[in-house]
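**Q** Before I ask anything, here is the structure I am working with.
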Amino acid sequence: MIIGAGIGAAGGFGGGFLALLTQTKNIKAQHDAERARWLADVRRETYTAFVTATKDLSKALWRASDQLHDTDAGTSDWQAAFREVHDAWTVFSAASAAVTMSGPHPVAERADDLRHAMRYWEMLTGAWINAAISHGDGRTPEYHDRFTDAATAKRPKEAAFQSAARKALGTE
């Protein structure tokens, strides 16, 4: 009888241990799945904000170019365009940093490539605005041509970022 009780207790303990092990494994799998969903949501939001900031900066740069070509525009218009570009750059730069933090590495690298292209375009526009203010005329072909080249150069960087983001999100 004592042996039977011992065998029953051992069987009960073993069954309880297996149930606990299975429950722990299920909880871990559920936790891992919830973390993966959370990370995908964070990345989707971060990537979307970065794309939006890229578009907003592009829009500000093109508006500045329009101001520089406008024969009725003057120093105050160009200064306002400079501030708009600077403000858009600030938002874009923060969005770029967020992508770098949320990863993964291939997406962060493509975001950094796009950041460098956008920085060149933004700096060139600032130099163009400063030249316009100094000379009283924004219609300078050398800046216009470089501006257009910079706008064209950022397009493949933008496409590469979006492709890497789709791959990271599993939507490609």
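**Q** Quick one: what are the phi-derived ³J(HN,Hα) couplings along region 164-172, Karplus 6.51/-1.76/1.60 with θ = phi - 60°, whole Hz, x for glycine and proline?
**A** 5, 5, 4, 5, 5, 7, x, 10, 8
**Q** Note the full-extension length gain between residue 172 and residue 131 as 0.36 nm times their separation in residues minus their Cα-Cα distance, in nm to one decimal. Working shown, then result.
**A** Working: separation 41, 0.36 × 41 = 14.76 nm, distance 4.39 nm.
Stretched fully, the residue 172-residue 131 segment lengthens by 10.4 nm.
**Q** Can you compute the modelled spin-label distance between residue 45 and residue 112, with each label point 7 Å from Cα toward Cβ, in nm?
**A** 2.5
**Q** Okay, moving on. If Lys and Arg each add +1 and Asp and Glu each add -1, what is the summed charge of the other residues whose beta carbon sits under 9 Å from the beta carbon of residue 114?
**A** On the way: positive: 110, 115, 154, 157; negative: 112, 113, 158.
Summing Lys and Arg as +1 and Asp and Glu as -1 gives +1.
**Q** For residue 70 and residue 34, what is the calculated FRET efficiency with R₀ set at 45 Å and r taken between the beta-carbons, to the nearest 0.05?
**A** Given R0 = 45 Å and the Cβ-Cβ separation, E is 0.25.
**Q** Would you kindly derive the ³J(HN,Hα) couplings of region 117-124 from the backbone phi angles with the Karplus curve 6.51 cos²θ - 1.76 cosθ + 1.60 (θ = phi - 60°), listing them in order in whole Hz, with x for Gly and Pro?
**A** Once rounded to whole Hz, the list reads 5, 5, 5, 4, 4, 5, 5, 4.
**Q** Sticking with this one: How long are the semi-axes of the equivalent ellipsoid of region 46-172, defined as square roots of 5 times the Cα gyration tensor eigenvalues? Whole Å, largest first.
**A** Numbers: eigenvalues 190, 35, 21 Å².
Equivalent ellipsoid of region 46-172: 31, 13, 10 Å, largest first.
**Q** Next up: Computing the accessible area with a 1.4 Å probe over protein heavy atoms, can you report the carbon and sulfur percentage for region 59-172?
**A** Numbers: 3240 of 6060 Å².
In region 59-172, the share of accessible area belonging to carbon and sulfur is 53 percent.
**Q** Between beta-carbons, use under 12 Å as the cut-off and find the net charge around residue 170, counting Lys and Arg +1, Asp and Glu -1. Walk me through the intermediate numbers first.
**A** Working: positive: 37, 43, 44, 166, 167; negative: 172.
For residues surrounding residue 170, the net value is +4.
**Q** Send over a whole-number figure in Å² for the accessible area per residue of region 47-124, probe 1.4 Å. Numbers along the way, then the final one.
**A** Numbers: 3840 Å² over 78 residues.
Spelled out: the 1.4 Å probe surface of region 47-124, per residue, equals 49 Å².
**Q** Ok, one more. With +1 on each Lys and Arg Cβ and -1 on each Asp and Glu Cβ, and nothing else charged, work out how big the dipole of region 46-172 is about its Cα centre, in Debye to the nearest 20.
**A** Working: 14 positive and 17 negative charges, 104 e Å.
Rounded to the nearest 20 debye, it is 500 debye.
The values are calculated or read from the model by the stated rules, or taken from the named source; none is laboratory data. Note that this is a predicted model, so its numbers are computed, not measured. No Cβ is skipped: glycine too gets one built from the backbone with ideal geometry, and neighbour counts run over all protein chains shown. All accessible areas refer to the heavy atoms of the entire protein, side chains included, with ligands and DNA or RNA removed. Shrake-Rupley method; radii C 1.70, N 1.55, O 1.52, S 1.80 Å.
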